[in-house]
């Protein structure tokens with residue numbers, strides 16, 4: 001994967017409340033990172049403050065979520081999302097073992113994330 005990469009994602013959980021919890025965390029992390037960065041902060045001191053060594057646990061590229069959560073007839077909730085990242089630019093990834101998606105999957109064991117990516121060279125794949 002290269003620098004400029006677009007992601008089309010779907011987040012789903014067995015229950016709507018679980019998905020709402022995930023989305024609150026995504027919004028919180030993005031707000032915290034934006035505020036920290038606006039004061040000139042880098043990720044290392046914030047990671048120390050939060051108590052993690054994983055940059056993806058504090059840095060956010062800004063996953064854009066659809067406005068509505070959909071719930072199927074079995075109660076499973078889902079929401080679509082998009083994201084863009086210049087992953088090589090800051091060495092903080094959305095995908096991969098140390099990326100934001102991996103952090104979300106580890107943090108919320110009930111969360112399923114599916115999707116695809118396309119990079120600036122036309123390379124595509126599944127997340």
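No value in this document is a laboratory result; all are computed from the given coordinates. Small disclaimer: the values here were computed from a predicted structure and weren't measured. Positions of Cβ are generated from backbone atoms using ideal geometry, with glycine treated the same way; all protein chains shown enter the neighbour counts.
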Residue order, fewest to most beta carbons within 10 Å, for 108, 28: 28, 108
Two-decimal ratio, the chain, of alpha-carbon radius of gyration to 2.2 N^0.38 Å: 1.06
Cut-off 14 Å (backbone N to label point 7 Å along Cα→Cβ of residue 37), residues of region 90-118: 90-94, 100
Footprinting exposure proxy for 65, 19, 104 (fewest neighbouring C-beta atoms within 10 Å first): 65, 104, 19
